[in-house]
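Chemist: Encoded as structure tokens, here's the structure I'll be asking about.
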Amino acid sequence: MKKDVLMLFLLLFSAFFAFSQSSEKISELINAEKLTKGQAAYLATSYMDLVQDDADENEAFEVLKELKLFKANEKPEEAIRLNQVSQIYMKACGLRGGIMYSITKSRRYAFNELKAKGLLPALVTSSMYISGMDGVNLLNDCITRAGGAE
């Protein structure tokens, strides 16, 4: 129990300093049962300074759509799967991958790479959805791994 409370505190602490978004947006993200594509896009584009902190999820989603990280028929309110969030976060943090990821930059190999780096638990699958808290935590881990905890 104490470990969970400490982990939550560290997560919130790092989230507030890793991103300069309002506490209201962070609270909404952390409390989300399933992270949406728009929320993941907002976290990634805010970290990459592609959108302003006061931008909404739709703006962030459109930026990543232009970068071909979302398909034309996808919508920002849809829940995001682990393989897709892995691809977005690897790109956002500039994480290097193995040979197959370097060649293809595909979701599959991004997911496999994050598992190999120990950033994702061994028992998760690429088609699983991710909670808001896990999404923030994963981005924080990727930032730390990339050496960019600014």
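Only the coordinates and a few stated rules stand behind these numbers; no lab work does. Since we're looking at a predicted model, the values are computed, not measured. Using ideal geometry, Cβ is built from the backbone for each residue, glycine included, and neighbour counts are taken over all protein chains shown.
Chemist: Tell me, what ³J(HN,Hα) does each residue in region 63-77 have, in order and in whole Hz, if you take phi through Karplus 6.51 cos²θ - 1.76 cosθ + 1.60 with θ = phi - 60° and put x for Gly and Pro?
Modeler: Per residue, the Karplus-derived 3J(HN,Hα) values read 4, 6, 5, 5, 7, 6, 8, 10, 7, 4, 8, 7, 10, x, 8 Hz.
Chemist: Gain in length, I99 to Y129, computed as 0.36 nm per residue apart minus the alpha-carbon separation, to one decimal in nm? Please report the intermediate quantities before stating the final value.
Modeler: Working: separation 30, 0.36 × 30 = 10.80 nm, distance 2.62 nm.
Working it through step by step, the gained length comes to 8.2 nm.
Chemist: Once R0 is set to 22 Å, what does the formula 1/(1 + (r/R0)^6) return for the Cβ-Cβ distance between K68 and S27, expressed as a FRET efficiency to the nearest 0.05?
Modeler: So, using R0 = 22 Å, E works out to roughly 0.10.
Chemist: Compute the Rg to Rh ratio over region 79-150 from the alpha carbon atoms, using the Kirkwood formula for Rh, and round to two decimal places.
Modeler: Taking Rh as the inverse mean 1/r over Cα pairs, Rg/Rh reads 0.93.
Chemist: Next question, about the same structure. Is there a pair in K25/K75; K34/K68; K71/K117; K25/K117; K75/K105 whose C-alpha atoms are over 24 Å apart, and which pairs would that be?
Modeler: In this structure, K71/K117; K25/K117 lie more than 24 Å apart at Cα.
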